[in-house]
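Below is one structure. I have some questions about it.
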Amino acid sequence: MSAEAKAKYRGKVLQVAVPSPLRRVFDYLPLPQQQTLPEPRVGIRVKVSFGRQQLIGIVVAVVNNSTLEKEKLKPILASLDSEPLLNDAVFKLLLWAANYYQHPLGEVFAAALPAKLRNGIPLRETSKFWTASESSTEEENSLSRAVKQKALLSFIRSAGEVTESKLREAGFSKQPLAQLLQKNLIEEHSQTKAAAAPFEPLETESNFDIELNEEQLIAVTTISKALDQYKCFLLDGITGSGKTEVYMRIMQEQLSKGLQCLVLVPEIGLTPQTIARFRQRFKCAVVSLHSGLNETERMTAWSQARDGSAGIVIGTRSAIFTPLAKPGLIVIDEEHDSSFKQQDGFRYSARDLAVSRARQEGICIVLGSATPSLESLHNARSNKFVHLHLTQRTGIDQSSKMEVIDVSRETMCDGFSEQLLYRIRKHIQQRNQVLVFINRRGFAPILNCQTCGWICECENCIAQFTVHANPPSIRCHHCGAAARLPRSCPSCKSKDLNTMGIGTQRIETFLQKQFTDTPVIRIDRDSTRRKNSLEKMLEEINKGDPCILLGTQMLAKGHHFPNITLVAILDADSGLFSADFRGQEHMGQTIVQVAGRAGRADRPGEVIIQSRHASHETLQSLANKTYAEFSESQLKERMAAQLPPFSHLCLLKAEASEMQPALQFLDGIAQFCQSFSAHNSLPIEQLGPLPAPMEKRAGKYRVQLLLKTDKRGNLQALLSSLCAELESMKLPRSVRFSIDVDPQDLV
């Protein structure tokens, strides 16, 4: 039966998406005619009554009937905008994303808007000012004893109109202002701030400081020919090959036409460096959007992008939803990075949505990386993306030499072999910089008792506490729990406690003792918590004086350190035996990215990888072959196992304070999926439900069910039916359930 046939009320109805866990829109009546507020339109915010709450929702459709009776329909409480907040392309993208990632539409819209807009703050600031009324002599004589009121009235009359700031500067308080308003001696006016003017198109530059090599020139020429249409380019360039210069040449072309450019980077740490470089190059407003901004800063940058006054918008994952007045180009730098996938709530991939958005906007998109994801390489081979190669380092004749050191039989000193210490000392003596990489922060990963064998574990997770030296504490890097460092074993009361393994803090202490005359700069999430701390460290490094950089993944992403000539990777084995099938791909990308920090100027670089499995095929492939050859072998393995990108996955997760309720709930889901697949002849494989590889995290037991199919449409048909079934049934309160389409983390 059609919606028309089911209609119980005929008349104008607003379908509103509200931020709630329910995967549907809700019908509301417009405001009564007599209220002089903006007429509701698709894309504006409205305030509505939702149960016992008042929420801010988005109008997604205006229809002429409802399946509810008029008595059950509530009118909206207020219409907050006179125009849609999002342009048509972004609005459609969010509708598509909610459907594809099977997430409630209201929460999707909420994730796309700055917090101030989610809370009902006006899009444009409204300012107040006051003017003097036409008053009689008798009315003014009534102020003969009110000295402050009389002075204020005289001030307003002489100024013509005054604002709040002018009143403050003149020393007047709000009390006499209110008294004059009550006596009708002055009038209050409000004025909405106008949208900022679009940025002026930049002049097309002909003289550049940097001369392009042949491969860069081919990339720029090829992309330039497609700038007036949708096309996706995979810019596959080794570290130091000048990918950023290619981005900037293309951006220059679009900015000269008055078109805006959106650049996504994986980490907040990269935004200051990228912004500084673009501001130095382009004479237009460059704004940033990331979680390190306060809400006012974020709102200002978002508004500048929407109004078109910002020519370049640089941001992390969520910036993909930023509306642009005149979109011209999208760039995804380090497109392979897993940071582009949201891991909780609305679990979207910013990279994949960027491609969809470019298609919606009809503009060009460039995905850049030295280590492209296997999905992007597969899309390039399938001719969905245009594959461009940069195989030469700019201004450098040779790539860094990579060497794997077998430490399986060596006596190590806090994670360092004698050979590695000798190499570090040699490079420091030559007044170069050295980067030491380990993907583990803290002092040491394990605290144990030498008497009874007790290991300090987090009670909320199936994981060990990590020991931190500054301040002395134990912390769980999975749930965030922290406690004081125990002085004795809680099991046998022995004080013979010892640490096992190494972390960045322990290595920092060791290196400071080994190299007393050389600064050791540790860059990890602990050392960069304070605002501007990372920028200060980068400034210190960029001075070029000999130093040792010590860090985690934060150093692997896009930083340019021209004076580093040695990169040392201490523990390269963790990714070789990961429970996640993407483990080796991610390990390979990390090693190649970190190795790329060496030899980026006129001094040759070298890379040392310490391993207890030096003969492992993956490590040897990374050391002796190119990343292209490594990724080719990875793709062959994926094809043989029919894993992404040759299939499509969805991870259904349930968690509860006890294992059994979560397991029972997912078991029911599995039965539904099996029945639906069989009834509709859909070849969808199921794995589970099984306990997750990390069975307990943050006090919750975790169970997961993995769905796999070779056709995306089959998976979407099943998930749509499953979500409809879940909406109609009462879910157990003790269980939290989530759907992760195209999961990047199976652990």
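Since every read-out is calculated from the coordinates, none of them should be taken as a lab result. Worth saying up front: this structure is predicted, and the values here are computed from it rather than measured. Methodologically, a virtual Cβ is constructed for each residue, glycine included, from the backbone with ideal geometry; neighbour enumeration extends over all protein chains shown.
Any chance you could list P(r) for the stretch 451-502, counting all Cα-Cα pairs in 5 angstrom bins from zero, rounded to whole %?
Going out from 0 Å in 5 Å bins, the stretch 451-502 shows 5, 20, 29, 28, 15, 3 percent.
Work out the FRET efficiency for LEU77 and ILE455 from their Cβ-Cβ distance, taking R0 = 60 Å, and round it to the nearest 0.05.
Details: r = 56 Å, r/R0 = 0.94.
About 0.60, to the nearest 0.05.
Another question, if that's okay. What Kirkwood hydrodynamic radius do you get for the stretch 44-111 when you take the inverse of the mean 1/r over all pairs of distinct Cα atoms, in Å?
13.5
On a 0 to 90 degree scale, rounded to 10, what angle separates helix 418-429 from the longest Cα axis of the chain?
Approximately 60 degrees, to the nearest 10.
Quick one: which residues, 5+ away or cross-chain, put their amide H under 5 Å from the amide H of GLY11? H built at 1.01 Å from N.
ASN65, SER66
If N is the number of residues in the stretch 502-656, what value comes out of its Cα radius of gyration divided by 2.2 N^0.38 Å?
Against the compact-globule rule of thumb, the ratio is 1.22.
Any chance you could list the semi-axes, whole Å, largest first, of the equivalent ellipsoid that the Cα gyration tensor gives for the stretch 332-393, using √(5λ)?
One finds semi-axes of 21, 16, 11 Å for the stretch 332-393.
Also: Residue-wise, which Karplus ³J(HN,Hα) couplings in Hz belong to the stretch 549-554, taking 6.51 cos²θ - 1.76 cosθ + 1.60, θ = phi - 60°, and x for glycine or proline?
8, 10, x, 10, 3, 4
Okay, next question. Going by how many other Cβ atoms sit within 10 Å of their own, how do LEU293, LEU707 line up, fewest first?
Numbers: LEU293 19, LEU707 25.
With the sparsest Cβ surroundings first, the list reads LEU293, LEU707.
Also, quick follow-up: Choose one of ALA568, SER615, GLN744: the residue whose Cα lies farthest towards the positive end of the charge dipole of the chain (beta-carbon charges +1 Lys, Arg; -1 Asp, Glu; about the Cα centre).
Farthest along the dipole direction, towards plus: GLN744.
Just from its helices, what would the mean residue ellipticity at 222 nm be for the chain, if runs of 4 or more DSSP H residues each count -39500 (n - 2.57) and the sum is divided by every residue, rounded to the nearest 500 deg cm²/dmol? Write down the numbers at each step before the final one.
Values: 22 runs with 239 residues, N = 747.
Taken over the chain, the calculation gives -9500 deg cm²/dmol.
Can you list residues whose amide H is under 5 Å from VAL404's amide H, if they're 5+ apart or on another chain and H is modeled 1.01 Å from N?
ILE609
Please report, in cubic angstrom per residue, the volume enclosed by the convex hull of the alpha-carbon atoms of the stretch 3-118.
Taking the convex hull of the Cα positions in the stretch 3-118, it is 112 Å³ per residue.
Measure out, as a whole number of angstrom, how far apart the alpha-carbon centroids of the stretch 213-247 and the stretch 99-126 sit.
For the stretch 213-247 versus the stretch 99-126, the Cα centre distance is 34 Å.
Suppose every K and R has +1 on its Cβ and every D and E has -1 on its Cβ; what is the size of the dipole of the stretch 57-101 about the Cα centre, in Debye to the nearest 20?
160
Using only Cα atoms, what Kirkwood radius does the stretch 64-188 have, in angstroms?
19.4
As I understand it, the value is the acute angle between the Cα axis of helix 295-307 and the longest principal axis of the Cα atoms of the chain; what does it come to in degrees, rounded to 10?
Relative to the chain, helix 295-307 is tipped by roughly 80 degrees.
To one decimal place, what orientation-averaged projected area in nm² is obtained for the convex hull of the Cα set of the stretch 648-741?
5.7
Please give the helix 533-542 orientation as an angle from the longest Cα principal axis of the chain, in degrees from 0 to 90, rounded to the nearest 10.
Result, in degrees: 50.
Continuing with this model, one more query. Which ³J(HN,Hα) values in Hz, rounded to whole numbers, follow from the phi angles of the stretch 618-628 under the Karplus curve 6.51 cos²θ - 1.76 cosθ + 1.60, where θ = phi - 60° and Gly and Pro get x?
Once rounded to whole Hz, the list reads 5, 5, 5, 5, 5, 6, 10, 10, 7, 5, 4.
Over the Cα atoms of the stretch 284-423, Rg to Rh with Kirkwood Rh, two decimal places?
In the stretch 284-423, Rg relative to Rh is 1.11.
Zone of GLU125 (label point 7 Å along Cα→Cβ, backbone N under 11 Å): which residues in the stretch 164-179?
Of the residues in the stretch 164-179, 165 have backbone N under 11 Å from the label point off GLU125.
Per 5 Å bin, what percent of the C-alpha pairs of the stretch 564-685 does each bin hold, from zero upward?
Pair shares across the bins are 2, 9, 14, 15, 13, 11, 10, 9, 8, 5, 3, 2, 0, 0.
Further question on the same structure: Residues of the stretch 110-133 with amide nitrogen under 16 Å from the 7 Å Cα-to-Cβ point of SER165?
Residues 125-130 qualify, since their backbone N sits under 16 Å from the label point.
What cysteines in the chain have no other cysteine with a beta carbon less than 4.7 Å from their beta carbon?
Cysteines lacking a close Cβ partner in the chain: CYS232, CYS261, CYS284, CYS364, CYS413, CYS456, CYS479, CYS547, CYS650, CYS673, CYS723.
Which Cα, out of GLY315, SER158, GLN260, lies furthest along the positive dipole direction of the chain (beta carbon charges, K/R +1, D/E -1)?
SER158
Rg(Cα) of the chain divided by 2.2 N^0.38 Å?
1.11
Could you give the size of the charge dipole of the chain about its Cα centre, using +1 on the Cβ of each K and R and -1 on the Cβ of each D and E, expressed in debye and rounded to the nearest 20?
Taking the Cα centre of the chain as origin, the dipole is about 1720 debye.
Based on a Kirkwood Rh over C-alpha pairs, give the Stokes-Einstein translational diffusion coefficient of the stretch 665-713 at 37 °C and viscosity 0.692 mPa s in µm²/s.
275
Report the dimensions of the stretch 217-317 along its three principal axes from the alpha-carbon atoms, largest first, rounded to Å.
Cα extents, longest axis first: 42, 30, 25 Å.
Hey, another quick one. How far, in nm, would the chain grow between SER657 and LEU68 when pulled straight, counting 0.36 nm per residue and subtracting the alpha carbon separation?
208.2 nm
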